[in-house]
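S.K.: So that we are looking at the same thing, I have put the structure below in structure tokens.
The values are calculated or read from the model by the stated rules, or taken from the named source; none is laboratory data. The structure presented is a predicted model; accordingly, all values stated were derived computationally and were not measured. Here the Cβ is made from the backbone with ideal geometry for all residues, glycine too, and neighbour counts use every protein chain on show.
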Amino acid sequence: MAFKYFPHTDEEVSQMLERIGAKSLADLYSDVPQELQQKAEYQIPEAMSEMEVRRFFNKLGMQNITLRSFLGAGYYDHYSPAVAQSIIHRSEFLTAYTPYQAEISQGTLQYIFEYQSMMAELTGMEVSNASMYDGTTATAEAMMMAVAAAKKRSRVLISDTINPFVLRVVKTYAKYQGIQVDMIPAKDGETDHEALKAELEKEDVAGVIVATPNFYGIVEDYTGVADLCHEHKALFIIHCVATALSVVRTPGEWGADIAVGDGQSLGIPLSYGGPYVGFLCTSKKLIRKMPGRIVGATRDADGKRAFVLTLQAREQHIRREKATSNICSNQSLMALYVTVYMSLMGAKGLREVNATSYSMAHYLAEVLTSTGLFEMAYPGKPFLCEFAVKTKLDIEQLQAFCNSQFMQCGLKIADNTLLLAVTETYSREDCDNLVEACVTFNKEQEGCKL
Amino acid sequence: MNNKFYGKLIFELSQTGRQAYSLPKNECSEYALACLPSHLMRQQAPLLPEVDELSVVRHYINMSNNNFGVDTGFYPLGSCTMKYNPRINEEVATHREFVGLHPLQCSETAQGALAVYYCLQTCLADISGLSEFTLNPYAGAHGELTGLMIMRGYHMERGDLKRTKVIIPDSAHGTNPASSAVCGLEVVVVKSRPDGTVDIDDLMPLLDETIAGMMMTNPNTLGIFEHNIGKIAKAVHDCGGLMYYDGANLNPMLGKVRPGDIGFDIMHINLHKTFSTPHGGGGPGSGPVGVRAGLEHLLPNPRVVKVSEDGFETFKLQCSDQSIGSISAHLGNFGVMLRALAYILTMGREQLKWVGPLATLNANYIKESLKDVFELPISGVCKHEFVFDGLKDKTSGVTTLDVAKRLLDYGFHAPTIYFPLLFHEALMIEPTENESKQTLDEFIHIMRQIAQEAKDDPEMVKTAPHNTPVRRLDDTLAALHPVVTWRELQAENY
């Protein structure tokens, strides 16, 4: 049985069995009826040595193709600092559990406190929880929070301009919670405020969810929306792209009650969809309605300032079915990642990231549309680093062509519409290459027609 | 881990004008951010620290030194399965060819990643005796919610709408009832017998046409195998309900029992427990959900399927209207899956089957070595974990909390305390298969020593810990007067 993760020698196993009063390891399962015990061997592969494991994953890795994808849609390829990567691999952070024993978990508790402080700053809200799984589930939790706060209302309005990948998760939660989700239509890529007003006037809405920047990359104007929501006793929830909040007007500044979203854009590697980190920030008034862990300051027996998990009376391990949510853990290590990232970048670095992304995206929009093959889907609308274009090109064939050149032309979001995102990790040359590929593709297509 | 308290916050290191990043020059600066309309822009910059790179590194390393992890020492936290987190898993998870993939890349360009997903779901199906797994849920509780949605979805699609209750034992993890509530199910609690197993006489009258199913942890949170599971599953199935297996305690079953073989229809697995991925201070985890044959169509969107075209096997993403819907943005915590698959491949079928018996051996060894000084409410063989009800001699007034805090002084993490709620002084110990006899013997020695200290110098134990970076903390102060951000901390002059 000698194996690198099994420390016992045969002799030790015998000694231990003797103390227990059992004859064999099988004896330890004498309470499990024979007919319930596993008969057949596992079919999983035979054990691999470390070198073979490496080879296995290297081989699979080569079956992926690394692309300059111009993809965003909620997840952005931003610069990932070496320091952030290295800190999350510090084993005292990596191999710890939830900080139940605060006296030997001050490292975790402190960074969560820093995380909460930074997310509250970024969103312009008063408080943040210790993080959620991701942006989609955080938005679903915000919806449930609004319904719980409203007590007798169970209808939630969501803008049509929200990320559809977020919407589909929110809708799943809503279905099982018995929450009615109605969409607020979009006008020219922006939330139709008149339609929103009409729905709110039915006086049965618990919460309103909008987005900044929205799915099409547009920075919407929410002037007056908070007052409108509050007039009709609905909570105003803004789903945000985290990094953008360092430059665009924040949920706090718009007067929102809850800010949610994904923290991935704060330098977390794309990793094919996760792990990322969700954030949920709100006002101090609503803190006891919040889901998830919260870390607070306190003092030890000697009067030293330190940190603990707090307000746990909201949580599942105490309140069981009456808890504010079923969430147990947070996404701690990724919260650490974004905390280190924000420490490194500071407000100035975050602004620079956005300024460069803005420049590159506007450059790409200009050169793409100047080919005549694309036009802006929402001309004149203000955008940061992402925009939608319409094209007459066959998108499937265009993508196959781009893939062959180690690129992807963003994401197809409608029959003739593409959504493209550009960040500071893209160069002017990357943009030029994409435009050239599109032009070449078009020439080949026209050549075929002739 | 060292015992010198660091305690500074990064904000306290900030000096205006410092920076810790470098970015390439903006090649298109002719397009300026300042062109955006000012009323759409942030009015005041966020209060973030201004620090240099070395200060950031030192700050977080000093903080980590006040943290205890599995790599630091023995972590017998019951129901959390604090295994060794192998380094090869970390190496695999940071592989460049996986880390750079965007979740919306054309699936033709992510075949390696999809193969990882498919391979892991196939392995989990074999290990559990179920038909198919989704790896989309982000954590154990998220898996529970997904599994319960499948349970409800199964009844809803048959038009059986009155099944709105779920039966949960009183010993269950708090997430079980909480997940049920989020899924819109009403919780019905079934009592435990004195031996810790489900009271069948209490269960039977609960079974009627309003029952959607039953959630169980087996072995339960007392580490006891529910030997009546065959009978229970039959009764629940006979009344039309489904059986849900909470995989939090799957570890002792490896090599011995497959949930799918003993009557369970749906289950979740915590990859961060049974399959060795790191807990990360509370996440990221991963909570794959498996179902028996006939329920696969209800699994959340998207599913990863293998298709054969022109003799080539490829992997595709599939969405279906029959599904419960999406419960995560894309395919879940992919980085965690890479680690879990690396673990399964390292263990192989030869080693994986020994995990259960060796974890069980370690738990029983501690239990038998300490039951003369700690109160063992349920005797007999346990599985991977067991519960003491405080010290045997309670005259000193030393509580479970005190014992837990004193353990910290000796360089051990404390067991889970005051759970399950069936006993007043619960102390739940789970050693895992990775711990050596030497470590267990040291732990046993210290536990006995603490029992002795409780007699000789109870005050010292009651005021523990004494050698940790901070002393016992005031939880009440934190809850009565919540201070949860740096801004508040400054305003309060904390």
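S.K.: Return the residue satisfying two criteria in turn: it lies in segment A:63-73 and is small (Gly, Ala, Ser) and at the interface with chain B (Cβ under 7 Å from one of its Cβ atoms), and of such residues it is surrounded by the fewest Cβ atoms within 10 Å (Cβ to Cβ).
M.R.: It comes out as A:ALA73.
S.K.: Continuing with this model, one more query. Can you pull out the residues in segment B:31-79 that are out of contact with any Gly (no Cβ under 9 Å at 6 or more places or on another chain), facing chain A (nearest Cβ under 7 Å), touching a residue at least 40 places away in the same chain (Cβ under 8 Å) and outside any loop (DSSP other than H, G, I, E, B)?
M.R.: Residues satisfying the conditions are B:VAL56, B:LEU77.
S.K.: Can you tell me which residues in segment B:453-486 are more than 7 Å from chain A (Cβ to nearest Cβ) and within 20 Å of A:GLY296 (Cα to Cα)?
M.R.: B:THR476, B:LEU480, B:HIS481
S.K.: Quick one: which of B:ALA178, B:ALA172 is modelled with pLDDT under 95 and more than 19 Å from B:ALA233 (Cα to Cα)?
M.R.: B:ALA178
S.K.: Filter segment B:159-170 for residues that are within 14 Å of B:PRO420 (Cα to Cα) and surrounded by fewer than 24 Cβ atoms within 10 Å (Cβ to Cβ) and give the result. So that I can check it myself, show each step before the final result.
M.R.: Step one: list which residues in segment B:159-170 are within 14 Å of B:PRO420 (Cα to Cα), which gives B:168-170.
Matches in segment B:159-170: B:ASP170 only.
S.K.: For the subset of segment A:289-314 comprising residues that are more than 7 Å from chain B (Cβ to nearest Cβ) and out of contact with any Leu (no Cβ under 9 Å at 6 or more places or on another chain), which member is nearest to B:HIS272 (Cα to Cα)?
M.R.: Ranking the qualifying residues of segment A:289-314, first place goes to A:GLN312.
S.K.: Let me ask you something else. Evaluate segment B:382-395: report whether one residue or more is β-branched (Val, Ile, Thr), buried (at least 18 other Cβ atoms within 10 Å of the Cβ) and more than 9 Å from chain A (Cβ to nearest Cβ).
M.R.: Yes, segment B:382-395 contains at least one residue that is β-branched (Val, Ile, Thr), buried (at least 18 other Cβ atoms within 10 Å of the Cβ) and more than 9 Å from chain A (Cβ to nearest Cβ).
S.K.: Any chance you could count how many residues in segment A:161-188 are farther than 16 Å from A:ALA234 by Cβ, more than 14 Å from chain B (Cβ to nearest Cβ) and crowded, with 19+ Cβ neighbours inside 10 Å?
M.R.: 2
S.K.: Within segment A:358-386, work out how many residues are of a type in the set (S, T, N, Q) and in contact with a strand residue (DSSP E or B) (Cβ under 9 Å, 6 or more places away or on another chain).
M.R.: Number of matching residues: 1.
S.K.: In this structure, does B:THR109 turn out to be surrounded by 19 or more Cβ atoms within 10 Å (Cβ to Cβ), in the same structural domain as B:PHE275 (by TED's automatic domain parsing) and more than 18 Å from the chain's Cα centre (by Cα)?
M.R.: So B:THR109 passes the test.
S.K.: In the set B:GLU313, B:GLU296, B:GLU350, which member is of a type in the set (Asp, Glu) and closer than 22 Å to B:LYS83 by Cβ?
M.R.: Only one candidate passes the filter, namely B:GLU350.
S.K.: Taking segment A:300-339, which residues are of a type in the set (Asp, Glu) and under 22 Å from A:MET119 (Cβ atoms)?
M.R.: Matches in segment A:300-339: A:GLU315 only.
S.K.: Quick one: is B:LEU148 within 24 Å of A:THR137 (Cβ to Cβ), out of contact with any Lys or Arg (no Cβ under 6 Å at 6 or more places or on another chain) and in the same structural domain as B:HIS297 (by TED's automatic domain parsing)?
M.R.: When the stated conditions are applied, B:LEU148 passes them.
S.K.: Then there's this: I'd like the full set of residues that are in a helix (DSSP H, G or I) and under 22 Å from A:SER80 (Cβ atoms), limited to segment A:403-432.
M.R.: Passing the criteria: A:ARG428, A:GLU429, A:ASP430, A:CYS431.
S.K.: While we're here: Where in segment B:206-306 are the strands (runs of 3 or more DSSP E), entirely inside, with at least 2 residues that are within 14 Å of chain A (Cβ to nearest Cβ) and crowded, with 24+ Cβ neighbours inside 10 Å?
M.R.: Once the strands (runs of 3 or more DSSP E) in segment B:206-306 are filtered for at least 2 residues that are within 14 Å of chain A (Cβ to nearest Cβ) and crowded, with 24+ Cβ neighbours inside 10 Å, what remains is B:211-216, B:242-246.
S.K.: Can you name the condition, by its number, that A:GLU231 falls short on among (1) within 24 Å of A:GLU121 (Cα to Cα); (2) more than 9 Å from chain B (Cβ to nearest Cβ); (3) of a type in the set (Asp, Glu)?
M.R.: (1)
S.K.: Do we find a residue being within 7 Å of chain B (Cβ to nearest Cβ), in contact (Cβ under 8 Å) with a residue 60 or more places away in the chain and β-branched (Val, Ile, Thr) anywhere in segment A:50-57?
M.R.: No, because not a single residue in segment A:50-57 is within 7 Å of chain B (Cβ to nearest Cβ), in contact (Cβ under 8 Å) with a residue 60 or more places away in the chain and β-branched (Val, Ile, Thr).
S.K.: If only one of A:THR391, A:THR440, A:THR417 is within 23 Å of A:VAL241 (Cβ to Cβ) and at pLDDT 95 or above, which one is it?
M.R.: Going through A:THR391, A:THR440, A:THR417 in turn, just one is within 23 Å of A:VAL241 (Cβ to Cβ) and at pLDDT 95 or above: A:THR417.
S.K.: Checking A:GLU253 against (1) surrounded by fewer than 24 Cβ atoms within 10 Å (Cβ to Cβ); (2) closer than 30 Å to A:GLU203 by Cβ; (3) more than 7 Å from every other protein chain (Cβ to nearest Cβ), which single condition isn't satisfied?
M.R.: With (1) surrounded by fewer than 24 Cβ atoms within 10 Å (Cβ to Cβ); (2) closer than 30 Å to A:GLU203 by Cβ; (3) more than 7 Å from every other protein chain (Cβ to nearest Cβ) applied to A:GLU253, the lone miss is (3).
S.K.: Could you give every pair whose Cβ atoms fall below 6 Å, whose first residue belongs to segment A:5-30 and is facing chain B (nearest Cβ under 7 Å) and closer than 15 Å to B:GLU433 by Cβ, and whose second residue is of a type in the set (Gly, Ala, Ser) and surrounded by 13 or more Cβ atoms within 10 Å (Cβ to Cβ), counting only separations of at least 6 or pairs across chains?
M.R.: What qualifies is A:PRO7/B:SER436; A:LEU28/A:ALA22.
S.K.: Give just the number: which of (1) modelled with pLDDT of 95 or more; (2) within 30 Å of B:ARG472 (Cβ to Cβ); (3) touching a Ser or Thr at 6+ places or on another chain (Cβ under 9 Å) does A:LYS304 not satisfy?
M.R.: (3)
S.K.: To continue, here is another question. Within segment A:86-123, work out how many residues are more than 7 Å from chain B (Cβ to nearest Cβ) and closer than 28 Å to B:PHE98 by Cβ.
M.R.: Total satisfying the criteria: 5.
S.K.: Go through segment B:404-421 and count every residue that is buried (at least 20 other Cβ atoms within 10 Å of the Cβ) and within 24 Å of the chain's Cα centre (by Cα).
M.R.: Summing the residues that are buried (at least 20 other Cβ atoms within 10 Å of the Cβ) and within 24 Å of the chain's Cα centre (by Cα) in segment B:404-421 gives 11.
S.K.: Okay, moving on. Against the condition buried (at least 19 other Cβ atoms within 10 Å of the Cβ), more than 11 Å from chain A (Cβ to nearest Cβ) and part of a helix (DSSP H, G or I), how does B:VAL398 come out, does it pass?
M.R.: no
S.K.: So B:GLU12 passes all but one of these: (1) over 30 Å from B:ASN301 (Cβ atoms); (2) of a type in the set (D, E, K, R); (3) at the interface with chain A (Cβ under 8 Å from one of its Cβ atoms). Which condition number does it fail?
M.R.: Failed condition: (3).
S.K.: Sticking with this structure for a sec: Has segment B:103-114 got at least one residue that is part of a helix (DSSP H, G or I), within 30 Å of A:GLN397 (Cβ to Cβ), at the interface with chain A (Cβ under 7 Å from one of its Cβ atoms) and free of Cβ contacts under 8 Å to residues at least 60 places away in the same chain?
M.R.: Yes: segment B:103-114 contains one or more residues that are part of a helix (DSSP H, G or I), within 30 Å of A:GLN397 (Cβ to Cβ), at the interface with chain A (Cβ under 7 Å from one of its Cβ atoms) and free of Cβ contacts under 8 Å to residues at least 60 places away in the same chain.
S.K.: I need every pair where a residue in segment A:255-275 that is in the same structural domain as A:ILE287 (by TED's automatic domain parsing) and closer than 20 Å to A:VAL127 by Cα has its Cβ under 9 Å from the Cβ of a residue that is assigned to a loop (DSSP other than H, G, I, E, B) and β-branched (Val, Ile, Thr), sequence separation at least 6 or different chains.
M.R.: Hits for this filter: A:ALA256/A:THR250; A:ALA259/A:THR250; A:ASP262/A:ILE268; A:ASP262/A:VAL277; A:GLY263/A:VAL277; A:GLN264/A:VAL277; A:LEU266/A:VAL277.
S.K.: When you scan segment A:74-85, how many residues do you find that are more than 8 Å from chain B (Cβ to nearest Cβ) and either over 30 Å from A:LEU418 (Cα atoms) or crowded, with 19+ Cβ neighbours inside 10 Å (or both)?
M.R.: Of the residues in segment A:74-85, 4 are more than 8 Å from chain B (Cβ to nearest Cβ) and either over 30 Å from A:LEU418 (Cα atoms) or crowded, with 19+ Cβ neighbours inside 10 Å (or both).
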